[in-house]
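What follows draws every value from the coordinates through simple rules; no lab data is involved. Owing to the predicted nature of the structure, the values given are computational and were not obtained by experimental measurement. Note: ideal-geometry Cβ built from the backbone for every residue, glycine included; neighbour counts use all protein chains shown.
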Amino acid sequence: FPVTITEGLEVEGWLDLTNTLITSLPKGLKVHGDLYRGKTELEKCTYKELREMIKPGFVKGLILR
């Protein structure tokens, strides 16, 4: 199903995007836990590309497939 994440979204826990149609992450995204990106277009991105995509945001936990 389609997922839209707004710029500057802050998630206090983990963010699970598995099995969604998401293709990019918004600038300023803040995830205080892990980010799950399995079975999405984001699997094709490197960790560095994902971190650059969300600057000045962050993922404090792991970025998992």
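The listed residues are Thr40, Thr20, and the only one of them that is among the hydroxyl-bearing types (Ser, Thr, Tyr) and under 11 Å from the mean Cα position of the chain (by Cα) turns out to be Thr40.
Identify all residues within the range 8-17 that are surrounded by 13 or more Cβ atoms within 10 Å (Cβ to Cβ) and in a loop (DSSP other than H, G, I, E, B); write none if there are none.
Taking the range 8-17 first, the residues surrounded by 13 or more Cβ atoms within 10 Å (Cβ to Cβ) are 9, 11, 14-17.
If the condition is that a residue be surrounded by 13 or more Cβ atoms within 10 Å (Cβ to Cβ) and in a loop (DSSP other than H, G, I, E, B), then Leu9, Trp14, Leu17 are the ones that fit.
Condition first: in contact with a Pro (Cβ under 7 Å, 6 or more places away or on another chain) and either surrounded by 12 or more Cβ atoms within 10 Å (Cβ to Cβ) or in a helix (DSSP H, G or I) (or both). Now tell me which residues in the range 21-53 satisfy that.
In the first step, residues of the range 21-53 are kept if they are in contact with a Pro (Cβ under 7 Å, 6 or more places away or on another chain); the result is 21, 28.
Across the range 21-53, the qualifying residue is only Gly28.
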